[in-house]
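Right, one structure below, let's go through it.
The values are calculated or read from the model by the stated rules, or taken from the named source; none is laboratory data. Since this is a predicted model, take the numbers as computed values, not measurements. Because the Cβ atoms are built from the backbone with ideal geometry, glycine has one as well, and the counts that use them run over all protein chains shown. Quick note on the areas: whole protein, heavy atoms, side chains included, nothing else; ligands and nucleic acids left out. Shrake-Rupley method; radii C 1.70, N 1.55, O 1.52, S 1.80 Å.
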Amino acid sequence: MPVKRLAMAKTRLRGAVPASLHDRLVLAMARDTLAAVLACPLVRRALVVTDEPAAAAALAELGAERVPDRPDAGLNAALARGAALAAGAPVVALTADLPALRPDELTAALTALSHRPRGYVADATGTGTAMLAARPGVDLDPRFGPGSAHAHALSGAVRLDGDWPSLRQDVDTEADLAAATALGLGRHTAELVGAARYGGR
């Protein structure tokens, strides 16, 4: 799971909460994503690729292992860096902006992948990628970015379809945050959004 430096993170989401709470919102979403990941019975280890000290500290408290990032190398480089440390285990790449993620939906998606070498789950728009996973010995080959669902399909990854709305709902914009809120936010993001709504700081 990659986490950008906070100064560069979630720029399209700015304005969804007061400016003083933006960095805290980014961290809250990452914490809720990680908490759901670690609650999935198929997950044995969580690596967070980041050079953001606040993220490294907050996510280590939940049980993540930090992998130093190479600044400004980009999302795909960060994911490949983390995947290289998987030591022969299956690899699951998730972004840190899935604050409504439910462990049972992640479990179902990973189970659907179990007999395929490499697969992905499209995001709520159908054009992006919410999850990319590969079996041991298979190159993750991440191609996140605009149109990543199509890029992953072209690369040979199998599209996994299922009723997994919380897994698909990443948060890049205020509208995305509203959609995730409707699904049910994790504790950290819900508290932060509530504080913003009622004027907390």
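Screening His22 with (1) open to solvent by 30 Å² or more (accessible area, probe 1.4 Å); (2) under 24 Å from Gln169 (Cβ atoms); (3) without any contact (Cβ under 8 Å) to a residue 24 or more places away in the chain gives one miss only, at (1).
There is at least one residue in the stretch 3-12 that is part of a helix (DSSP H, G or I) and in contact (Cβ under 8 Å) with a residue 60 or more places away in the chain. Among the residues examined, Ala16 does not qualify as touching a residue at least 60 places away in the same chain (Cβ under 8 Å) and open to solvent by less than 10 Å² (accessible area, probe 1.4 Å). Would you check which residues across the stretch 162-178 are open to solvent by 40 Å² or more (accessible area, probe 1.4 Å) and either outside any loop (DSSP other than H, G, I, E, B) or in contact with a Gly (Cβ under 7 Å, 6 or more places away or on another chain) (or both) and list them? Matches in the stretch 162-178: Pro165, Glu174, Ala175, Ala178. Scanning the stretch 179-198 for residues being aliphatic (A, V, I, L, M), more than 15 Å from Arg31 (Cα to Cα) and at pLDDT below 95 gives a total of 2.
One residue is enough: does the stretch 102-118 have a residue meeting the conditions buried (at least 21 other Cβ atoms within 10 Å of the Cβ), touching a strand residue (DSSP E or B) at 6+ places or on another chain (Cβ under 6 Å) and not in a loop (DSSP other than H, G, I, E, B)? Yes, some residue in the stretch 102-118 is buried (at least 21 other Cβ atoms within 10 Å of the Cβ), touching a strand residue (DSSP E or B) at 6+ places or on another chain (Cβ under 6 Å) and not in a loop (DSSP other than H, G, I, E, B).
Determine whether the stretch 34-54 contains at least one residue that is of a type in the set (Asp, Glu) and more than 13 Å from Thr189 (Cα to Cα). Scanning the stretch 34-54 turns up at least one residue that is of a type in the set (Asp, Glu) and more than 13 Å from Thr189 (Cα to Cα). If you go through the stretch 59-76 and keep only what is at pLDDT below 95 and among the aliphatic types (A, V, I, L, M), you end up with Val67, Ala73, Leu75.
With touching an Asp or Glu at 6+ places or on another chain (Cβ under 9 Å), polar (S, T, N, Q), crowded, with 21+ Cβ neighbours inside 10 Å and within 20 Å of Asn76 (Cβ to Cβ) as the only criterion, which of Thr189, Thr129 stands out?
On the way: Thr189 fails: within 20 Å of Asn76 (Cβ to Cβ).
Only one candidate passes the filter, namely Thr129.
Pick from Arg31, Arg44: which is at pLDDT 95 or above, farther than 23 Å from Gly147 by Cα and basic (Lys, Arg)?
Arg31
For the stretch 82-101, the criterion of being surrounded by fewer than 18 Cβ atoms within 10 Å (Cβ to Cβ) and either modelled with pLDDT of 95 or more or within 23 Å of Ala7 (Cα to Cα) (or both) is met by none of the residues.
Considering Arg143, Arg135, Arg159, which residue is at pLDDT below 95 and open to solvent by 60 Å² or more (accessible area, probe 1.4 Å)? I'd like the intermediate steps shown before the answer.
Values: Arg143 fails: at pLDDT below 95; Arg159 fails: at pLDDT below 95.
Just a single option satisfies the conditions, and that option is Arg135.
Considering the stretch 43-71, and only residues there that are part of a strand (DSSP E or B) and of a type outside the set (Val, Ile, Thr), the residue that is farthest from Leu110 (Cα to Cα) turns out to be Arg66. Based on this model, can you work out whether Leu140 counts as assigned to a loop (DSSP other than H, G, I, E, B) and under 22 Å from Gly184 (Cβ atoms)? The answer is no for Leu140.
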